[in-house]
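S.K.: Take this structure first; my questions come after.
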Amino acid sequence: MKRTGFILFVFLLALASRSAAQDALSNIEYVQNKGQWDPRVNFKGEVNAGAYFLQKHGFTVLLHNPDEWLRLNENHGGLVSKNYFSDPRQASPGGSRDVRPVLHSHAYRVSFLGSSDQVTIIPDKSLPTYNNYFIGNDPSKWASNCPIYQGVTYKDIYPNIDIRYYSDNGQMKYDIIVHPGGDVRQVAMKYEGVDKMTIKKNELLINTSVGQAKERVPYSYIFNSGGKSTISCKYTIQDGNIVRFNVDSYAPGSTLIIDPQEKFCTFTGSRASIWGFTATWA
């Protein structure tokens, strides 16, 4: 191949890779657990500055310090100047000018209280690719051909109530789908591991050690023979960390959709899997 042709090929390959990365950021990919993670995890979805772990009775949110995460992405996880951190204790022994960055993180769990043990898990929108995890020297802990999906439904998590996880513009969303015969008053979400929870302008604010997460005003609507119509829905907090939904009354034969939206990514950037960096967890 001539040099000009080779340069053009590399340029086009770079554009394709960049486009693929941008497309990947617009949708969360839920990777099935085939033994590469804790057995309580069914699927993992990575987002900017964090990850979600879907479990039988709820989900776990992992948040990274956004400033440290942004700097890691800017440096692609490489060595950085000792002035990177304002805390001189982070400097390496001997006063070296290069140190490994530290990434502070916070995790909290959301459990659907009283949910069924007979829930049926249905992934959807499968991707043609898959992930392999060959980590460490123990082949029994490796996992290959792990399927990837763009949505997962937990059917009958309560009687006639489903939870569907998916994404929109790089943010995780979950729909609470109350079919006819279901009772939205059964839905109770217990937040464990958070510092404080408040409601402001009907948004749920969740304080953590690395910043504030937010669940926006729940967009709610009903389906019935007359079509689709919006309905008022508000968060309520009980005992400091149990969230319920206060919904206006509606016809029993209708299907109710409650659509909150998690928001904790305050900047754009690559997911953790794009860069092969090393971080020290504290």
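The values are calculated or read from the model by the stated rules, or taken from the named source; none is laboratory data. This structure is a prediction, so every number in the text was calculated from the model and none was measured. When we count neighbours, we look across all protein chains shown, and the Cβ atoms used for this are built from the backbone with ideal geometry, even at glycine.
S.K.: Name the single residue, out of those in the range 191-217 being free of Cβ contacts under 8 Å to residues at least 60 places away in the same chain, part of a strand (DSSP E or B) and of a type in the set (D, E, K, R), that is surrounded by the fewest Cβ atoms within 10 Å (Cβ to Cβ). Reasoning before the result, please.
M.R.: Taking the range 191-217 as the starting set, the residues that turn out to be free of Cβ contacts under 8 Å to residues at least 60 places away in the same chain are 195-205, 207, 212, 214-217.
Adding the requirement that they be part of a strand (DSSP E or B) leaves 196-200, 203-205, 207, 212, 214-215.
Pick out the ones that are also of a type in the set (D, E, K, R) and you get 196, 200, 203, 214-215.
Details: K196: 11, K200: 8, E203: 16, K214: 16, E215: 21.
Applying the filter and picking the extreme gives K200.
S.K.: Something else: Return the total of residues in the range 246-262 being surrounded by 18 or more Cβ atoms within 10 Å (Cβ to Cβ) and assigned to a strand (DSSP E or B).
M.R.: Here the count works out to 7.
S.K.: Does at least one position in the range 218-227 carry a residue that is surrounded by 14 or more Cβ atoms within 10 Å (Cβ to Cβ), within 23 Å of L62 (Cβ to Cβ) and modelled with pLDDT of 90 or more?
M.R.: Checked the range 218-227: no residue is surrounded by 14 or more Cβ atoms within 10 Å (Cβ to Cβ), within 23 Å of L62 (Cβ to Cβ) and modelled with pLDDT of 90 or more.
S.K.: Taking the condition of being surrounded by 15 or more Cβ atoms within 10 Å (Cβ to Cβ), small (G, A, S) and modelled with pLDDT of 90 or more, how many residues in the range 134-178 meet it?
M.R.: 2
S.K.: Looking at the range 78-107, which of the residues that are crowded, with 18+ Cβ neighbours inside 10 Å and either of a type in the set (G, A, S) or in a strand (DSSP E or B) (or both) is modelled with the lowest pLDDT?
M.R.: Step by step, filter the range 78-107, then rank; the result is V99.
S.K.: Which condition number does Q150 fail, the rest of (1) in a strand (DSSP E or B); (2) over 15 Å from the mean Cα position of the chain (by Cα) being met?
M.R.: The one condition Q150 does not meet is (2).
S.K.: On to the next question. For residues that are assigned to a strand (DSSP E or B), of a type outside the set (D, E, K, R) and closer than 17 Å to K56 by Cα, tally how many sit in the range 108-146. Give the derivation first.
M.R.: Taking the range 108-146 as the starting set, the residues that turn out to be assigned to a strand (DSSP E or B) are 108-112, 120-133, 143-146.
Filter once more, keeping what is of a type outside the set (D, E, K, R): 108, 110-112, 120-123, 126-133, 143-146.
Remaining after also requiring closer than 17 Å to K56 by Cα: 108, 110-112, 120-123.
Count: 8.
S.K.: Quick one: is V243 within 22 Å of A107 (Cβ to Cβ), under 20 Å from the mean Cα position of the chain (by Cα) and in a loop (DSSP other than H, G, I, E, B)? Give the steps one after another, and end with the answer.
M.R.: Working: within 22 Å of A107 (Cβ to Cβ): yes; under 20 Å from the mean Cα position of the chain (by Cα): yes; in a loop (DSSP other than H, G, I, E, B): no.
Taking the combined requirement at face value, the residue does not satisfy it.
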